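Read the structure below first, then the notes.
The values are calculated or read from the model by the stated rules, or taken from the named source; none is laboratory data. Everything numeric in this text was worked out from a predicted model, so none of it was measured. Cβ placement follows ideal geometry from the backbone for every residue including glycine, while neighbour counts extend to all protein chains displayed. These accessible areas exclude ligands, DNA and RNA; they are computed on the full protein's heavy atoms, side chains included. Shrake-Rupley method; radii C 1.70, N 1.55, O 1.52, S 1.80 Å.
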Amino acid sequence: MRTNGTIQLFPLLRVAVCLAAGVWAGYALDGYVGLGWWFGLLVASVLATIISWRLVLLQGGLIALSAFLLGAVLMSRQLTVLQRPLPVDEVTGRAVVASAPQQRGKVVRVDLWVTDGVMAGQRVKASVLNDSLSRPSDRLHIGDGITFSSVMQPPVNFSSSHFDYPLYLQCHGFTATTLLLPGHWQKTVVSLRPLSYLDRTVLAALRLRQTTMSHYLRMGLDDDEMAVAVAMALGDRSRLTNDLRDLYSVSGASHVLALSGLHLGIIYVLLTLLVGSRRLGWWRELLILAGIWSYAVFTGLSPSVVRASTMITVFSVASMLHRQRMSLNVLAFTAILMLVVHPLNLFDVGFQMSFLAVLSILIFYRPVVGLVSSEYQMRHPVVKWVWTMVVVSCCAQMGVAPLTAYYFGRFSVYFLLTNFFVIPLATVVLYLTALMFIAALIPPLLPLFARLLAWVVGAQTWLVRWVASLPGSSIEGITINRLQLLMVYVFIASLTVIIYKLLRIRNTI
């Protein structure tokens, strides 16, 4: 297809945008346009695309329309599954505990995967109320089975912020919330056969992670050090206090507490060093990817980890096929894959931020980093490292800052200063964690690595606290609506077009 325009250089980007628009339309028009209508329009659009194979421009438009309608079909289908009417009366069933219990006042919150009963096959966010005499919920662990009798409630928002809690639960596969009262539940043996093979694998991995966490408890780390180390290495943030979360958020370091592309990238580099020789060819990449996905399963296959692992996999496959690893087409293909598998990913805050951050880096990195000549950077490695860190951090921030302001009403002023030490320290934390697993085979070395880990995590938290204490460290109370958010991104897109046109003009002179 020979047409002009930069967008034609990235055909998958156009498909991804159309698919995402269709997913949004399927969600926004739910209740007005049903799955049958969307599917009928999709069939008609596909047939029209096939018939018009000689009309290139028309066929291109019909392909975009088909991608849009496919997104709407996928979303409508998923909502049909997730929005099944909940029972009005109290229901009885069996379930398995699928998350580490988190104490919140008088209740303990856990995720339940229901294995039988009216709610069989569904996921429920449960709050277990403790009585004043006994605390049986303290004995709950991942993988425990329970019988319960309770009333299921649809999720509701508890604040006026832009964060949509019911939509968040839908994105993670939950269909209801419930309160388990004392005497209305008890531990029992529950068969895991009703669960899928993947769910059983994840559950086994979560148990292994829980066992691994017990080793951290014996290392002598204080509560904050323990919470940060476990969050960064194992992806379990249940031990983080609200004060600690806020501290990292104000300083602009909250991204190191959630397993994401940063952590998986560090793991990828570590595995690359361990596997070594490039003479292994594509076997080398397969071994590395096996390690990446093993780590993803070990940490519970959280959406952010799956997203980062998928992106690394696509980049790695592109490398094996001798394609450009970091390109808009590769990023677009990753987005298409994830939206087809789980359309509600589009509304996940982490999904939005990670893709916008990578998109912004891909668009702005080269023209900005080129402001300092490559020859000068090669002669001064320290300058190159500093300049690269500045450019990558600022490019990523340009993509996610509007979303951060929209969802959380905050902008971290010193994010650049924070990244200069949290990213290297995060790398050290993950490497020390890997060394600790290896040192388990040599017990005398374990206390040494434990003390090093405690010192690094403590130093990182102290530096984060120092940045957060600086005057004007965070702009709070930012309030923007969806239209204003859209206008900000339209402005950024317009600025991008102007920059690239100026660069093209300069290169032709």
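Of note:
- Some residue of segment 53-67 being open to solvent by 60 Å² or more (accessible area, probe 1.4 Å), part of a helix (DSSP H, G or I) and in contact with a Cys (Cβ under 9 Å, 6 or more places away or on another chain): yes
- The set of residues in segment 156-201 being touching a Phe, Trp or Tyr at 6+ places or on another chain (Cβ under 8 Å) and among the charged types (D, E, K, R) consists of Asp164, Asp199.
- Phe39 being open to solvent by 80 Å² or more (accessible area, probe 1.4 Å) and touching a helix residue (DSSP H, G or I) at 6+ places or on another chain (Cβ under 7 Å): yes
- If you filter segment 459-482 down to residues that are hydroxyl-bearing (Ser, Thr, Tyr) and surrounded by fewer than 17 Cβ atoms within 10 Å (Cβ to Cβ), you find that the one that is nearest to Tyr407 (Cα to Cα) is Thr479.
- Residues of segment 92-131 that turn out to be touching a Gly at 6+ places or on another chain (Cβ under 6 Å) and aliphatic (A, V, I, L, M), as a count: 3
- Residue-level check: of (1) modelled with pLDDT of 95 or more; (2) exposed (fewer than 13 other Cβ atoms within 10 Å of the Cβ), Leu19 misses just (2).
- Residue pairs meeting the criteria (Cβ under 8 Å; at least 6 apart or on separate chains; first part of a loop (DSSP other than H, G, I, E, B), in segment 184-199; second of a type in the set (Gly, Ala, Ser)): His184/Ser149; His184/Ser150; Val189/Gly145; Val190/Ala95; Val190/Gly145; Pro194/Ala120; Pro194/Gly121
- Annotation for segment 83-95: at least one member residue is more than 22 Å from Ile336 (Cα to Cα), without any contact (Cβ under 8 Å) to a residue 60 or more places away in the chain and buried (at least 17 other Cβ atoms within 10 Å of the Cβ).
- Residue list for segment 119-131, restricted to those being assigned to a strand (DSSP E or B) and touching a Lys or Arg at 6+ places or on another chain (Cβ under 8 Å): Lys125, Ala126, Ser127, Val128, Leu129
- Where Leu463 falls short, out of the listed (1) closer than 24 Å to Val349 by Cβ; (2) touching a helix residue (DSSP H, G or I) at 6+ places or on another chain (Cβ under 9 Å): (1)
- Candidate set from segment 91-118 (those that are out of contact with any strand residue (DSSP E or B) (no Cβ under 6 Å at 6 or more places or on another chain) and part of a loop (DSSP other than H, G, I, E, B)); member that is nearest to Thr188 (Cα to Cα): Ala100
- Residues of segment 384-416 that are of a type in the set (Val, Ile, Thr) and touching a helix residue (DSSP H, G or I) at 6+ places or on another chain (Cβ under 7 Å): Thr388, Val390, Val391, Val392, Val400.
- At least 2 residues being at negative phi and either crowded, with 19+ Cβ neighbours inside 10 Å or touching a residue at least 60 places away in the same chain (Cβ under 8 Å) (or both) is the threshold, and among the helices (runs of 4 or more DSSP H) wholly inside segment 349-458 those reaching it are 349-369, 381-408, 415-439.
To keep it simple, each residue is scored yes or no on (1) open to solvent by 20 Å² or more (accessible area, probe 1.4 Å); (2) touching a Cys at 6+ places or on another chain (Cβ under 6 Å); (3) within 18 Å of Leu430 (Cα to Cα).
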site: His263; (1), (2), (3): no, no, yes
site: Ile266; (1), (2), (3): no, no, yes
site: Trp283; (1), (2), (3): yes, no, no
site: Ile288; (1), (2), (3): no, no, yes
site: Ile292; (1), (2), (3): no, no, yes
site: Gly300; (1), (2), (3): no, no, yes
site: Val305; (1), (2), (3): no, no, yes
site: Ser309; (1), (2), (3): no, no, yes
site: Ser316; (1), (2), (3): no, no, no
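- A Cβ distance below 6 Å, combined with a sequence gap of six or more or placement on separate chains, defines the contacts here; from segment 114-129, residues that are over 18 Å from Cys171 (Cβ atoms) reach residues that are at pLDDT below 90 and open to solvent by less than 10 Å² (accessible area, probe 1.4 Å) in the pairs Val128/Val108; Val128/Ser137.
- Cβ-Cβ distances below 6 Å connect no pair with a first residue in segment 295-308 that is acidic (Asp, Glu), a second residue that is open to solvent by 30 Å² or more (accessible area, probe 1.4 Å), and a separation of six or more residues or different chains.
- All positions within segment 459-495 that are within 19 Å of Tyr431 (Cβ to Cβ) and in contact (Cβ under 8 Å) with a residue 60 or more places away in the chain: Gln460, Thr461
- Condition broken by Ile50, with the remaining ones in (1) in a helix (DSSP H, G or I); (2) open to solvent by less than 60 Å² (accessible area, probe 1.4 Å) satisfied: (2)
- Cβ separations smaller than 6 Å between residues 6+ apart or across chains give the following pairs from segment 249-261 residues that are open to solvent by less than 20 Å² (accessible area, probe 1.4 Å) to residues that are among the β-branched types (Val, Ile, Thr) and modelled with pLDDT of 85 or more: Ser251/Thr418; Ser251/Val464; Ser251/Val467; Gly252/Thr418; Ala253/Thr418; Ala253/Val422; Ala253/Val464; Val256/Val422.
- When Thr433, Thr479 are checked against the criterion of being farther than 24 Å from Asp224 by Cα and either touching a Pro at 6+ places or on another chain (Cβ under 6 Å) or not basic (Lys, Arg) (or both), a single residue qualifies: Thr479.
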